[in-house]
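Enquirer: The structure under discussion is supplied below as structure tokens; questions concerning it will follow.
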Amino acid sequence: MNYKIGVIGALGAVGQELIKLIEERNFPCETLLPLASARSAGTSVTFRGSQISTQEATEDTFKEIDLAFFCTSNAVARDLIPKAKNKDCIIIDNSAAFRQDPEVPLIIPEINASALDEAPQLIANPNCSTAIALMGLYPLHQQFGLTRFIASTYQAVSGNGVAGINELSTQINAWQKDEPAQPKIYPHPIAFNLIPQVDSFLESGYTKEEHKMLEESRKILELPELHVSTTCVRVPTMRAHAIAINAEFQKPINLSEAQAALKEFSGIDYYDTQATPPYPMPLNQTQNIHCGIGRLRKDTALDNGLAFWVVGDQLWKGAALNALQIAETLHSKQQILK
Ligand SMILES: NC(=O)c1ccc[n+]([C@@H]2O[C@H](COP(=O)([O-])OP(=O)(O)OC[C@H]3O[C@@H](n4cnc5c(N)ncnc54)[C@H](OP(=O)(O)O)[C@@H]3O)[C@@H](O)[C@H]2O)c1
């Protein structure tokens, strides 16, 4: 079976990676329809050696599509997804617009692919930091029973898409010319700085990004009482998010069993102290389909606790790759064409 695939937001950071991955992973695609905003329509993307011109996404466009990947803002997803739903296509959404809708499964295929069994029309892809954190936490949860985790994130600028990449590049160039940094999308200069704010603040003092990690972890792991506290920090790396995690479990920890659980889990590269390098870093996890986990140790401040460091390419496992893995799962279950 070969599908007519629409990528909405095809010129954005996630959309571009998704088109590359559809080609590289040989996903069965008969026709690719790259869709853009009205202002960018006409710009081409390269797919299987050909240039394909982007079109504006309208309700009628979805008539021609079997599978739609949304790689746009929440606002655009909220506007266009109901229109795509009317046209019967299967939709995988990278935005946060429908992630907390109880009717919409929120999927990391290695963890909860069974939530696709009811053949949903709309599937949400998780927040990038949540996806990467849970790739490390889930195998440990299966072994020991997760009760709480505390996470500090180090999030790359491509997490804000093309605009984030441009902002860091521009500020590094300005710094080399001894010119002042001009923040546009971030509240402060990002080059040579750390900004302990990802998204806007809520009344609780946490940011929306931090709140997403709480809500989405509970939904994906089906642990509604899970305790989660996170601090999300934007850092001047281009790509791949890193997260330091301290987690507490119901059962006593055996370090060898924890290592074995991580090594056996699909989608992870486990780094021990003998590895070179002995831990994952953003540069060596960029464009890696696996998340890297290292620095595993017993946590000295928690009962039954483990501390570890996980790094994943958030444009891939946090967005485009995970979305495509969802599509691959639907394809294997023959759920795309009815
Ligand atoms: N970047 C990440 O690491 C990451 C990770 C997980 C989830 N996400 C989510 O994925 C989504 C896309 O993120 P991104 O980083 O790729 O952002 P991005 O680089 O800003 O790309 C968004 C794209 O959407 C296009 N667009 C705007 N209005 C449109 C419309 N009406 N129809 C079709 N396309 C339209 C934009 O085109 P114009 O430039 O012409 O406006 C732009 O090319 C967001 O919801 C984001 O939160 C991103």
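The values are calculated or read from the model by the stated rules, or taken from the named source; none is laboratory data. Computed from a prediction, not measured in an experiment: that's the story for all the values here. Neighbour counts run over all protein chains shown; Cβ positions are idealised from the backbone, glycine included. The protein model used for the area step is the full one, side chains on, heavy atoms only, and it has no ligands, DNA or RNA in it. Shrake-Rupley method; radii C 1.70, N 1.55, O 1.52, S 1.80 Å.
Enquirer: Which of the residues that make up region 282-300 are in contact with a helix residue (DSSP H, G or I) (Cβ under 8 Å, 6 or more places away or on another chain) and within 16 Å of the ligand (Cβ to nearest atom)?
Expert: Result: Gln287, Asn288, Ile289, Cys291.
Enquirer: Another question about this same structure. Looking only at region 105-121, count every residue that is open to solvent by less than 10 Å² (accessible area, probe 1.4 Å) and over 12 Å from the mean Cα position of the chain (by Cα) and tell me the total.
Expert: 1
Enquirer: Determine if region 95-110 includes at least one residue that is within 13 Å of the ligand (Cβ to nearest atom) and not hydrophobic (A, V, I, L, M, F, W, C).
Expert: yes
Enquirer: In region 182-194, is there at least one residue being part of a loop (DSSP other than H, G, I, E, B), crowded, with 16+ Cβ neighbours inside 10 Å and touching a Lys or Arg at 6+ places or on another chain (Cβ under 7 Å)?
Expert: Looking through region 182-194, at least one residue is part of a loop (DSSP other than H, G, I, E, B), crowded, with 16+ Cβ neighbours inside 10 Å and touching a Lys or Arg at 6+ places or on another chain (Cβ under 7 Å).
Enquirer: Please go through region 1-43 and give me each residue that is within 16 Å of the ligand (Cβ to nearest atom), out of contact with any Leu (no Cβ under 7 Å at 6 or more places or on another chain) and open to solvent by 50 Å² or more (accessible area, probe 1.4 Å), ordered by number.
Expert: If the condition is that a residue be within 16 Å of the ligand (Cβ to nearest atom), out of contact with any Leu (no Cβ under 7 Å at 6 or more places or on another chain) and open to solvent by 50 Å² or more (accessible area, probe 1.4 Å), then Gln16, Lys20, Ala38, Arg39 are the ones that fit.
Enquirer: Turning to a different aspect of this structure: Can you find a residue that is near the ligand (Cβ under 8 Å from one of its atoms), within 19 Å of the chain's Cα centre (by Cα) and surrounded by fewer than 19 Cβ atoms within 10 Å (Cβ to Cβ) anywhere in region 61-74?
Expert: Yes; the residues of region 61-74 include at least one that is near the ligand (Cβ under 8 Å from one of its atoms), within 19 Å of the chain's Cα centre (by Cα) and surrounded by fewer than 19 Cβ atoms within 10 Å (Cβ to Cβ).
Enquirer: Only one residue in Gln259, Gln287 is open to solvent by 80 Å² or more (accessible area, probe 1.4 Å), closer than 28 Å to Ala323 by Cα, among the polar types (S, T, N, Q) and not assigned by TED's automatic domain parsing to the domain that holds Glu17, so which one is that?
Expert: Sole residue among the options that is open to solvent by 80 Å² or more (accessible area, probe 1.4 Å), closer than 28 Å to Ala323 by Cα, among the polar types (S, T, N, Q) and not assigned by TED's automatic domain parsing to the domain that holds Glu17: Gln287.
Enquirer: I've got another one for you. From (1) within 16 Å of the ligand (Cβ to nearest atom); (2) within 26 Å of Val311 (Cα to Cα), pick out the condition that doesn't hold for Leu122.
Expert: Unmet condition: (2).
Enquirer: Please verify whether Asp303 is away from the ligand (no atom under 16 Å from the Cβ), open to solvent by 30 Å² or more (accessible area, probe 1.4 Å) and among the acidic types (Asp, Glu), treating the condition exactly as stated.
Expert: Criteria met by Asp303.
Enquirer: Something else about it: Residues that are within 16 Å of the ligand (Cβ to nearest atom), within 15 Å of Gly6 (Cα to Cα) and loosely packed, with under 13 Cβ neighbours inside 10 Å: does region 49-58 have at least one?
Expert: yes
Enquirer: Turning to a different aspect of this structure: May I ask you to list the residues in region 308-326 that are surrounded by fewer than 24 Cβ atoms within 10 Å (Cβ to Cβ) and closer than 13 Å to Leu262 by Cβ?
Expert: Matches in region 308-326: Phe308, Trp309.
Enquirer: Looking at region 1-25, which of its residues are within 24 Å of Asp88 (Cα to Cα), under 23 Å from the mean Cα position of the chain (by Cα) and not in a helix (DSSP H, G or I)?
Expert: Passing the criteria: Ile5, Gly6, Val7, Ile8, Gly9, Ala10.
Enquirer: Moving on to the next point. Residue pairs, Cβ under 8 Å, 6 or more apart or interchain, first in region 240-269 and closer than 11 Å to Phe144 by Cα, second away from the ligand (no atom under 16 Å from the Cβ) and at pLDDT below 95. List them.
Expert: Once the first residue is closer than 11 Å to Phe144 by Cα and sits in region 240-269, its partners that are away from the ligand (no atom under 16 Å from the Cβ) and at pLDDT below 95 give Glu248/Asp303.
Enquirer: Being touching a residue at least 60 places away in the same chain (Cβ under 8 Å), among the hydroxyl-bearing types (Ser, Thr, Tyr) and not assigned by TED's automatic domain parsing to the domain that holds Ile165 is the requirement here; does Thr54 meet it?
Expert: no
Enquirer: Any residue at all in region 310-327 that is at positive phi, more than 14 Å from the ligand (Cβ to nearest atom) and not small (Gly, Ala, Ser)?
Expert: Taking every residue of region 310-327 in turn, none turns out to be at positive phi, more than 14 Å from the ligand (Cβ to nearest atom) and not small (Gly, Ala, Ser).
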